[in-house]
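J.: Okay, here's the structure, questions in a sec.
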Amino acid sequence: MSQPSEPSGERDIASGSVERVTSRADEPEPEPEPMMVAALDEPVTVSLDIRLASDRRMHVAATTNLPEGTRVQLRVVREASNVRWQSRTEVREGSVAAGPYGPGSGLPDGYYRIELVTAPADVQPAEVKARIGPSGEHLGGPLVATSEHGLGKIIKASQRFLVGQEVRRTLDDVEVQQSP
């Protein structure tokens, strides 16, 4: 059982040893030094590469100049049904990759939209946030968009891709003609 602190800053522990307690409430703790990294000063580029495997499942890769560790989401969306597959990953050595996307039976023919979207700056690692700005204000170029939730600027890149042959579409407003 410990004794109350002595004015000298020492207290007696039940074992008979003396423990030195240092308390400097009058001295503020040093603040961590801000990271000194250069802001992203060039337009963001993203090049999407889509590969359809022999099982008709899609693999997506991208090269980019986004900072190392940037959190991104890759999505594959089937336009005919709006069915989507997605995964989260991070930029490593200027690239990202994910997949396979699609059902085990393979992707049906039709158009797909492949999207790469960055997470908002407030959920990015500190090193990334230091480069892109607290609200993404250092992001530049034609891929810059405003976050859906008003959390600053993000990057959105997309590409349309055809698997197999184009699926024929029918119209809801049709005229039926009878034969005599």
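The values are calculated or read from the model by the stated rules, or taken from the named source; none is laboratory data. Only a predicted model underlies this, so the values are computations on that prediction, with no experimental measurement involved. Here Cβ is always computed from backbone atoms with ideal geometry, including for glycine, and neighbour counts include all displayed protein chains. In case anyone asks, the SASA skips ligands and DNA or RNA and just uses the protein heavy atoms, side chains included. Shrake-Rupley method; radii C 1.70, N 1.55, O 1.52, S 1.80 Å.
J.: Please specify each residue of the range 116-150 satisfying the condition of being closer than 21 Å to residue 77 by Cβ and open to solvent by 60 Å² or more (accessible area, probe 1.4 Å).
T.: Hits for the range 116-150 are 142, 146, 148, 149.
J.: Then there's this: Could you count how many residues in the range 83-105 are closer than 25 Å to residue 142 by Cα and not hydrophobic (A, V, I, L, M, F, W, C)?
T.: Residues meeting the conditions: 10.
J.: On the basis of being in a loop (DSSP other than H, G, I, E, B) and not hydroxyl-bearing (Ser, Thr, Tyr), does residue 75 make the cut? Step through it out loud before you land on a result.
T.: Details: in a loop (DSSP other than H, G, I, E, B): no; not hydroxyl-bearing (Ser, Thr, Tyr): yes.
In short, no.
J.: Determine which single condition residue 62 fails, assuming it passes every other condition in (1) small (Gly, Ala, Ser); (2) assigned to a strand (DSSP E or B); (3) surrounded by fewer than 14 Cβ atoms within 10 Å (Cβ to Cβ).
T.: With respect to (1) small (Gly, Ala, Ser); (2) assigned to a strand (DSSP E or B); (3) surrounded by fewer than 14 Cβ atoms within 10 Å (Cβ to Cβ), residue 62 is out only on (3).
J.: Something else now. Within the set of pairs 6+ apart or on separate chains, which have a first residue in the range 87-113 that is modelled with pLDDT under 95 and assigned to a strand (DSSP E or B), a second that is open to solvent by 60 Å² or more (accessible area, probe 1.4 Å) and of a type in the set (Gly, Ala, Ser), and C-beta atoms under 6 Å apart?
T.: 110/80
J.: Step by step: first the residues of the range 38-59, then only those that are outside any loop (DSSP other than H, G, I, E, B) and in contact (Cβ under 8 Å) with a residue 60 or more places away in the chain, then the one that is most open to solvent (accessible area, probe 1.4 Å). Which residue is that? Please lay out each step first, then the result.
T.: First, the residues of the range 38-59 that are outside any loop (DSSP other than H, G, I, E, B): 46-52, 58-59.
Filter again for in contact (Cβ under 8 Å) with a residue 60 or more places away in the chain, leaving 46, 48, 50, 52, 58.
Values: 46: 33, 48: 26, 50: 25, 52: 64, 58: 0 Å².
Result: 52.
J.: Looking at the range 151-162, can you tell me whether even one residue there is part of a strand (DSSP E or B), at positive phi and crowded, with 16+ Cβ neighbours inside 10 Å? Even if it seems obvious, please write down each step before you answer.
T.: Restricting attention to the range 151-162, the residues satisfying the condition of being part of a strand (DSSP E or B) are 153-162.
Filter once more, keeping what is at positive phi: none.
No - not one qualifying residue is present in the range 151-162.
J.: Which one of 71, 78 is surrounded by 16 or more Cβ atoms within 10 Å (Cβ to Cβ) and more than 18 Å from the chain's Cα centre (by Cα)? Explain how you work it out, then say what you get.
T.: Numbers: 71 fails: more than 18 Å from the chain's Cα centre (by Cα).
Exactly one residue qualifies, and that residue is 78.
J.: Of the numbered conditions (1) open to solvent by 40 Å² or more (accessible area, probe 1.4 Å); (2) under 21 Å from residue 147 (Cβ atoms), residue 99 fails exactly one; give the number of that condition.
T.: Answer for residue 99: the failing condition is (2).
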